[in-house]
1. So which residues in the stretch 80-90 are of a type outside the set (A, V, I, L, M, F, W, C) and open to solvent by 10 Å² or more (accessible area, probe 1.4 Å)?
2. Please name all residue pairs, on different chains or six or more residues apart, with Cβ atoms under 6 Å, provided the first residue is in the stretch 137-162 and is under 20 Å from ASN78 (Cα atoms) and touching a residue at least 24 places away in the same chain (Cβ under 8 Å) and the second residue is open to solvent by 50 Å² or more (accessible area, probe 1.4 Å) and not aliphatic (A, V, I, L, M).
3. For the stretch 182-210, which positions are open to solvent by 70 Å² or more (accessible area, probe 1.4 Å) and not in a loop (DSSP other than H, G, I, E, B)?
4. State whether one or more residues within the stretch 18-40 are within 14 Å of the chain's Cα centre (by Cα), part of a helix (DSSP H, G or I), aliphatic (A, V, I, L, M) and at pLDDT below 95.
5. Kindly establish whether PHE107 is within 30 Å of SER198 (Cα to Cα) and touching a residue at least 24 places away in the same chain (Cβ under 8 Å).
6. Considering every residue within the stretch 82-93, establish whether at least one is more than 19 Å from VAL119 (Cβ to Cβ) and touching a residue at least 12 places away in the same chain (Cβ under 8 Å).
7. Could you list, in sequence order, all residues of the stretch 36-79 that are small (Gly, Ala, Ser) and either open to solvent by less than 10 Å² (accessible area, probe 1.4 Å) or farther than 14 Å from ARG120 by Cβ (or both)?
8. Could you tell me whether any residue of the stretch 253-261 is of a type in the set (Ser, Thr, Tyr), surrounded by 22 or more Cβ atoms within 10 Å (Cβ to Cβ), closer than 18 Å to LEU5 by Cβ and in contact (Cβ under 8 Å) with a residue 12 or more places away in the chain?
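The values are calculated or read from the model by the stated rules, or taken from the named source; none is laboratory data. Everything numeric in this text was worked out from a predicted model, so none of it was measured. No Cβ is skipped: glycine too gets one built from the backbone with ideal geometry, and neighbour counts run over all protein chains shown. In case anyone asks, the SASA skips ligands and DNA or RNA and just uses the protein heavy atoms, side chains included. Shrake-Rupley method; radii C 1.70, N 1.55, O 1.52, S 1.80 Å.
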Amino acid sequence: LQGALVETSGLFPDVPLMRDDLRQQGLLPATEPYSGMTGFVHFGEGGGESIDGPSVFGDYGNNSIVDWVFIELRDENNPATVVATRAALLQRDGDVVDVDGVSAVLFDETLAGTFYVSVRHRNHLGTMTASPLALTPAAQVIDFTSPSQAVFTKDAPLAGFERYINTVAAPGQDYAALWGGNVNFNRVTNYAGQANDSDGIYLAIVNAPANPGQLQSFVLDGYEPTDVNMNGQTKYTGAFNDVDFIFNITVPTAANVSSIVTFSLREQLPE
C-alpha cells in the first residue's frame, strides 16, 4: 500500500516495508471493514471475516499487520464478474495472509479453477492480474510488488503505470504498490477537479463533531478512509498531511506527463 510506504520525510524506503501505525495505535478493527462499505460487495463465502484472536495484531516485526485488504476471484471469461471474495490481512513486508495472521488466504468454499485475481483496499486503487491463473488447493504466490507481474490495464495512457512504481536508492530495484488517496470510494485518486479527494479530506475535517470551530488545522484521529498516509490521523494542513500526499502521487508522477493538477489516477479494474 502506497500510503503505508511513505515515510514522515515524504520519501519512500529502500525496501517495501510498510508502516503499521494503525496496528500500533490499536485502531485496526477485529472484523473486516468492507461489508456495507461503498464500492465493496462480497460474493460467495466472503463477508464478516474476523481475526482468530487479539494476538494476531501483536508486534511481529516485518510480519506485523498493516490493515485489511479485499481479495476477489473473477471469472476467467469475463473479468468484470466477481465469483468469490475474501477479506484478508496485509503484513508489513507485503504478504497477504488469512485471519490467523500467518497462513495463505484460502477460498475453502470455491472449487479449483482458473480466475483473475484482484487486490483492493478501502482507500487505495485496486489491481488485477493481466490473465487468469489456475488456482488449486496448493498455495500459489502472486507477487504484485514486482513490476514484472503483468496486471490489467483499461486506460491506454496509463499503460506501464497501472500501479505506482517506486524507484528506490538500491540500484535496479523497483517496487510496485497500490496507488493511494481514494478518499471518495469512486475508484479515482485526484488532487483537484470534480469530486476530488482533497475536498473529501477537507469536509471530513471541518464537519468532524469534535471540531465545532470548523478549524482547517483540526486533526481527526482514528481508522478513517481520509487517512490516506495511514498514520492514524486525517490532516488537511500541517506536517505530513493527507492532502500533500495526494498532490505528490498525482501531479509529479511520471504518468502525468504535463504535471496538471487535475490529473486523475484511475483504478485499473474492469467493471
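1. So in the stretch 80-90, the residues of a type outside the set (A, V, I, L, M, F, W, C) come out as 81, 85-86.
Across the stretch 80-90, the qualifying residues are THR81, ARG86.
2. Correct list of pairs: ASP155/ARG266.
3. If the condition is that a residue be open to solvent by 70 Å² or more (accessible area, probe 1.4 Å) and not in a loop (DSSP other than H, G, I, E, B), then ASP199, TYR202, LEU203 are the ones that fit.
4. no
5. Values: within 30 Å of SER198 (Cα to Cα): no; touching a residue at least 24 places away in the same chain (Cβ under 8 Å): yes.
In short, no.
6. Pass one, the stretch 82-93, residues more than 19 Å from VAL119 (Cβ to Cβ): none.
No, that holds for no residue.
7. The initial filter retains those residues of the stretch 36-79 that are small (Gly, Ala, Ser), namely 36, 39, 44, 46-48, 50, 53, 55, 58, 61, 64.
Matches in the stretch 36-79: GLY36, GLY44, GLY47, GLY48, SER50, GLY53, SER55, GLY58, GLY61, SER64.
8. Going residue by residue through the stretch 253-261, those that are of a type in the set (Ser, Thr, Tyr) are 253, 258-259.
Filter once more, so that each one left must be surrounded by 22 or more Cβ atoms within 10 Å (Cβ to Cβ): none.
No, the conditions are met nowhere in the stretch 253-261.
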